[in-house]
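Visitor: What follows is a single structure, and I will ask about it in a moment.
The values are calculated or read from the model by the stated rules, or taken from the named source; none is laboratory data. Keep in mind the model is a prediction, meaning the values are calculated, not measured. Note that each Cβ is placed from the backbone with ideal geometry, even for glycine, and that neighbours are counted across all protein chains shown. Accessible surface is based on the protein model in full, side chains and every heavy atom, while ligands, DNA and RNA are left aside. Shrake-Rupley method; radii C 1.70, N 1.55, O 1.52, S 1.80 Å.
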Amino acid sequence: MAKDTSQNYFNKDSPDYTYNGRIFTGDQQFYALNEARTGIMFSIYIMQVFNLFICKARFRLPFGKFMFRNVRTFYGFGAGLVLLLIVTYIPPLNTVFNSSYKSIPLYWLIAVGFGCLLLAYATGRMLVLRKSKPIQWNQTIDGLHMHPTIWSMRQRTKSIDVVV
């Protein structure tokens, strides 16, 4: 089925678009598209931040002090956020990138919620893998030959041995 190219929507000079009895003018369509683009940019950034923390803890749970030891990681987050805010909220740049400076941060919470869900999934996955394949997490040391000895295998009794 061929795409209908007779009418172009979501441009400033678009014809009115009717959805459920509500009429959207060309300016409203263009504003909605730019706001959606802004939301997508922020969502990608937020998800990449969560993904970095999850990948940083590949063999451990993604919680603990080791997550905050590398300060350069947070400099990178800050620089990325500043760049994203500049692209979004400075008028000449939001015209170039088709972003909306009227975008509200409430829409970012969707990405934060999904990032928390992804973090919970990674944590659950790690716990299940640790239970199902414990040798993978605690492998034997190749050069260390530990054979059972009399002292390691003996049963300890509750009676007191008296040496005469």
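Visitor: Could you grab me the full set of residues in segment 60-80 that are open to solvent by 60 Å² or more (accessible area, probe 1.4 Å) and small (Gly, Ala, Ser)?
Guide: If the condition is that a residue be open to solvent by 60 Å² or more (accessible area, probe 1.4 Å) and small (Gly, Ala, Ser), then 79 is the only one that fits.
Visitor: Look through segment 12-59, keep the residues that are aromatic (Phe, Trp, Tyr) and over 24 Å from residue 102 (Cβ atoms), and return whichever of them is surrounded by the most Cβ atoms within 10 Å (Cβ to Cβ).
Guide: Quick first cut of segment 12-59, residues aromatic (Phe, Trp, Tyr) only: 17, 19, 24, 30-31, 42, 45, 50, 53, 59.
Narrowing further to those that are over 24 Å from residue 102 (Cβ atoms): 50, 53, 59.
Details: 50: 19, 53: 17, 59: 9.
The selected residue is 50.
Visitor: Can you tell me how many residues within segment 86-103 are open to solvent by less than 80 Å² (accessible area, probe 1.4 Å), without any contact (Cβ under 8 Å) to a residue 24 or more places away in the chain, in a helix (DSSP H, G or I) and among the hydrophobic types (A, V, I, L, M, F, W, C)?
Guide: 2
Visitor: Return the residues of segment 58-77 that are aliphatic (A, V, I, L, M), within 21 Å of residue 123 (Cα to Cα) and free of Cβ contacts under 8 Å to residues at least 24 places away in the same chain; say none if nothing qualifies. Even if it seems obvious, please write down each step before you answer.
Guide: To start, the set of residues in segment 58-77 that are aliphatic (A, V, I, L, M) comprises 61, 67, 71.
Of the ones still in play, those that are also within 21 Å of residue 123 (Cα to Cα) are 61, 67.
Passing the criteria: only 67.
Visitor: Select from segment 110-126 the residues that are within 10 Å of the chain's Cα centre (by Cα) and open to solvent by 60 Å² or more (accessible area, probe 1.4 Å) and list them in ascending order.
Guide: Result: 114, 116, 117.
Visitor: Checking the conditions here, which among 129, 106, 83 is of a type outside the set (Val, Ile, Thr), out of contact with any Ser or Thr (no Cβ under 7 Å at 6 or more places or on another chain), surrounded by 11 or more Cβ atoms within 10 Å (Cβ to Cβ) and at pLDDT 85 or above? Walk me through how you get there before you give the answer.
Guide: Details: 129 fails: at pLDDT 85 or above; 106 fails: surrounded by 11 or more Cβ atoms within 10 Å (Cβ to Cβ).
Residue meeting the stated conditions: 83.
Visitor: I'd like the full set of residues that are without any contact (Cβ under 8 Å) to a residue 60 or more places away in the chain, of a type in the set (A, V, I, L, M) and closer than 24 Å to residue 105 by Cβ, limited to segment 15-40. Even if it seems obvious, please write down each step before you answer.
Guide: If we filter segment 15-40 for residues that are without any contact (Cβ under 8 Å) to a residue 60 or more places away in the chain, which is where we start, we get 15-30, 32, 36, 40.
When the remaining residues are screened for being of a type in the set (A, V, I, L, M), the result is 23, 32, 36, 40.
Matches in segment 15-40: 32, 36, 40.
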